[in-house]
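Asker: One structure, pasted below without further comment.
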C-alpha cells in the first residue's frame, strides 16, 4: 500500500535508519537443493539492534541484481517454502511462492503487535495499561518468560513478551481485547491479502511470505506507526529466544530484528538484517518440513543476504 514519506526522527534504540521501498522487481524461482549445517546454538549477550526508523540508508555501491539469487536453494518447483529476499532501500527483490498461503505459526503476532501499537498511537490504549491474562488466554503452551492466568502485565510488557519469547498468552489476550475480526480487517486494510487469524481460534493462522515482507516494510518505514511504537517492536524483535537460525549463523556485525514461528512441521522467520551497507528483508515460511530442514534454508537465506547485499 502506498505510504507518505515517513518522519525523520530516529528511534532511541537504534542508529541510522531504514527507507521507503521502491516497487519490487520480478520474482525469481529456485531450482535445486542447497544443504547447510547449522552450528550448535551458543547463548550470547543481547544481540545487536538493527534500525527501524525513517531515513534512507545511502550507500554509493550499486545494489546487485537479485535475479537468480535464490537459484539452487530449493528443489525445483518445491511448494513447501515461501521465500522473500529484498533490499529495503532499492526494492531489488527475489522470491519463491511469495503469494501462496502457509501456516503462519507465531508470525501472526507481528500483525497483532502492529494493530495494538496503532491503537496506542490513536490514544485508545496506553503502553502502561494492564493487560490481564485470563483462563481462556492460556489455551496454548506458554514459553519460559511468558505469563499465566491471573498475571497482569502492562501492554508494553505483553507486547515485548509476545515478540521476544513468543508468549501465546499475551497474543490471545490481545486477540481477545482487540477482536479477531478487527485484526483481520486491519491486515486487509494495510494490504496483507493472505494473512488471517481464525474467527473462533480453532484453526491455525495463515500468511504468505509476500505479506510478511510487506508488513516488515511498513514496520520499517510507515508513518502510520509512531517512533515510540517502532521502539517497542525493535526491543521485542532484538531479543528473540532460541532457536534462531539467523542469529546462530550470521556474524555479530549484522544487526538482526526478527520474529520466529515454530510448529511441528514448520519453522518460519521474518527478519530485518542490517550492516553499514544497508538493510535487507528476509522471510521464510514453510510447511511439511522438519525443523532442521527449515532452519538450514533460513540459515542459507541469511548467508545469501549477507554475501549479496550486506558485505
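Asker: Residues that are in a loop (DSSP other than H, G, I, E, B), in contact with a helix residue (DSSP H, G or I) (Cβ under 6 Å, 6 or more places away or on another chain) and touching a residue at least 40 places away in the same chain (Cβ under 8 Å): does the range 288-295 have at least one? Let's see the steps before the verdict.
Answerer: Of the residues in the range 288-295, the ones in a loop (DSSP other than H, G, I, E, B) are 288-290.
The next check asks that each one be in contact with a helix residue (DSSP H, G or I) (Cβ under 6 Å, 6 or more places away or on another chain); those that pass are none.
No, that holds for no residue.
Asker: Determine which member of the set 137, 211 is touching a helix residue (DSSP H, G or I) at 6+ places or on another chain (Cβ under 7 Å) and modelled with pLDDT of 95 or more.
Answerer: On the way: 211 fails: touching a helix residue (DSSP H, G or I) at 6+ places or on another chain (Cβ under 7 Å).
Step by step, each of 137, 211 is checked, and only 137 is touching a helix residue (DSSP H, G or I) at 6+ places or on another chain (Cβ under 7 Å) and modelled with pLDDT of 95 or more.
Asker: Got a sec? Which of 298, 240, 256 is at pLDDT below 95, buried (at least 22 other Cβ atoms within 10 Å of the Cβ) and in contact with a strand residue (DSSP E or B) (Cβ under 9 Å, 6 or more places away or on another chain)?
Answerer: 240
Asker: Only one residue in 202, 142, 186 is part of a loop (DSSP other than H, G, I, E, B), buried (at least 18 other Cβ atoms within 10 Å of the Cβ) and over 15 Å from the mean Cα position of the chain (by Cα). Which one?
Answerer: Working: 202 fails: buried (at least 18 other Cβ atoms within 10 Å of the Cβ); 186 fails: part of a loop (DSSP other than H, G, I, E, B).
Within the list 202, 142, 186, the selection yields 142.
Asker: Of the residues that make up the range 165-182, is at least one closer than 25 Å to residue 292 by Cα and either in contact with a helix residue (DSSP H, G or I) (Cβ under 6 Å, 6 or more places away or on another chain) or surrounded by 24 or more Cβ atoms within 10 Å (Cβ to Cβ) (or both)?
Answerer: Within the range 165-182, the first condition is being closer than 25 Å to residue 292 by Cα, and the residues that meet it are 165-168.
Pick out the ones that are also either in contact with a helix residue (DSSP H, G or I) (Cβ under 6 Å, 6 or more places away or on another chain) or surrounded by 24 or more Cβ atoms within 10 Å (Cβ to Cβ) (or both) and you get 166-167.
For the range 165-182, residues closer than 25 Å to residue 292 by Cα and either in contact with a helix residue (DSSP H, G or I) (Cβ under 6 Å, 6 or more places away or on another chain) or surrounded by 24 or more Cβ atoms within 10 Å (Cβ to Cβ) (or both): present.
Asker: In the range 205-280, which helices (runs of 4 or more DSSP H) lie fully inside it and hold 2 or more residues that are under 19 Å from residue 146 (Cβ atoms)? Quick ask: steps written out before the conclusion?
Answerer: Values: elements: 209-221, 227-237, 245-249.
Counting at least 2 such residues, we get 227-237.
The values are calculated or read from the model by the stated rules, or taken from the named source; none is laboratory data. Small disclaimer: the values here were computed from a predicted structure and weren't measured. Heads up, the Cβs are rebuilt from the backbone with ideal geometry, glycines too, and the neighbour counts pull from every protein chain shown.
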